[in-house]
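**Student:** Encoded as structure tokens, here's the structure I'll be asking about.
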Number of protein chains: 2
Amino acid sequence: MSEHPEVTVAPVQAFEPPYYVAVFTTVSSEEQDGYAETSARMQELVQEVPGFLGMDHAGTPGGLSVTAAYFRDADALTEWRGNAEHREAQKRGRAEWYQSYTLHIAKVERSHAFTRAEATLAPEAG
Amino acid sequence: MSEHPEVTVAPVQAFEPPYYVAVFTTVSSEEQDGYAETSARMQELVQEVPGFLGMDHAGTPGGLSVTAAYFRDADALTEWRGNAEHREAQKRGRAEWYQSYTLHIAKVERSHAFTRAEATLAPEAG
């Protein structure tokens, strides 16, 4: 069911606008019991939301973490927001794991992606 | 002129919508000469753009970096996009520093922030 692929180091691609991005920035508190498990579970759970497109995530050693999660439309976001297990996790986040956070919900108007052409080993013809 | 405050570990706050967020996700290449200096310079330069609101940034050891930069309106974004020094840096980024990247430009429709109340040392009255 929720097989998920190996995490590879690649940014989520650009999709055809409009779509939504939820930018979630957090600073962790000193209380992290259970955080890693719940975070992994949320990453699994969100993939079951119809219209979930992908997620980019990175954290600094100082405890600031930046997550951008992409959704096809507002309905997908609404479903994720209302998910009971997700709400429970949010509650614990506020009570225990986060010193502070900000959530920005935004509609993507344009996007583009770049991938470097592989360097070829062959010299240019000439 | 462009004094900037100590970097503190705190997420950028929630602003009054609408505003814009540029989500820029990158995977670095193996060629990083000059990257740190240019990145620092861009972080300084963007602060001079009227309507720039702030930036959250984090990177993984694997080379994935997630940046969310906030702007008051589309004009602020247009100004930043057209900045000559920024364009030059983008060009170098594609030629040298990035394996791949994605840019999502999105209009924030709602946002909220949470900050944990400081734990007090005093016991509850009663």
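The values are calculated or read from the model by the stated rules, or taken from the named source; none is laboratory data. The shown structure was predicted, so the numbers you read here are calculated from the model rather than taken from an experiment. Ideal geometry is used to build each Cβ from the backbone, glycine not excepted, and the neighbour counts take in all protein chains shown. When the accessible area is computed, the model is the full protein with side chains, heavy atoms only, and any ligands, DNA or RNA have been set aside. Shrake-Rupley method; radii C 1.70, N 1.55, O 1.52, S 1.80 Å.
**Student:** How are the alpha carbon pair distances in chain B distributed across 10 Å bins from zero to the largest one, expressed in percent?
**Tutor:** Histogram of Cα-Cα distances, whole percents per bin: 11, 37, 32, 11, 5, 3, 0.
**Student:** Please give the residues from the stretch B:53-76 for which the solvent-accessible area of heavy atoms, probe 1.4 Å, is smaller by at least 50 Å² with all protein chains in place than with the chain isolated.
**Tutor:** Flagged in the stretch B:53-76: B:58, B:64, B:66.
**Student:** So how much accessible surface do A and B hide from each other in total, probe 1.4 Å, in square angstrom to the nearest 100?
**Tutor:** 4100 Å²
**Student:** So, counting K/R as plus one and D/E as minus one, what does the shell of residues with Cβ under 10 Å around residue B:98 add up to?
**Tutor:** Every neighbour counted, the sum reads +1.
**Student:** Moving to a separate point now. Counting only protein heavy atoms and a 1.4 Å probe, tell me what percentage of the stretch B:31-126's accessible area is made up of carbon and sulfur.
**Tutor:** Here carbon and sulfur together make up 52 percent of the probe-accessible area.
**Student:** To continue, here is another question. Which helices of chain B meet both criteria: a Cα extent of 24 Å or more along the helical axis and a mean Kyte-Doolittle score no lower than 1.6, with helices taken as whole DSSP H segments?
**Tutor:** Long hydrophobic helices here: none detected.
**Student:** May I pose another question? What FRET efficiency comes out for residue B:110 versus residue B:85 if R0 is 41 angstrom and r is the Cβ-Cβ distance? Round to the nearest 0.05.
**Tutor:** 0.75
**Student:** Follow-up. By the scheme Lys and Arg +1, Asp and Glu -1, what is the net charge of all other residues having a beta-carbon under 13 Å from that of residue A:66?
**Tutor:** Surrounding charge for residue A:66 is -2.
**Student:** Taking a label point 7 Å from Cα toward Cβ, how far is residue B:43 from its twins in the other copies, in nm, shortest first?
**Tutor:** List, nearest first: 2.4 nm.
**Student:** Distances in nm, one decimal, shortest first, from residue A:84 to the same residue in every other copy, taking the label point 7 angstrom along Cα→Cβ.
**Tutor:** Shortest to longest, the spacings are 6.2 nm.
**Student:** Then there's this: Over the protein assembly as shown, with the other protein chains present, what is the accessible area per residue in square angstrom, probe 1.4 angstrom?
**Tutor:** 59 Å²
**Student:** Suppose every K and R has +1 on its Cβ and every D and E has -1 on its Cβ; what is the size of the dipole of the stretch A:14-91 about the Cα centre, in Debye to the nearest 20?
**Tutor:** 160 debye
**Student:** Write out the GluC sites (Glu not before Pro) in the stretch B:23-126 meeting two conditions: DSSP loop, and at most 15 other Cβ atoms within 10 Å of their Cβ.
**Tutor:** B:30, B:31, B:118, B:124
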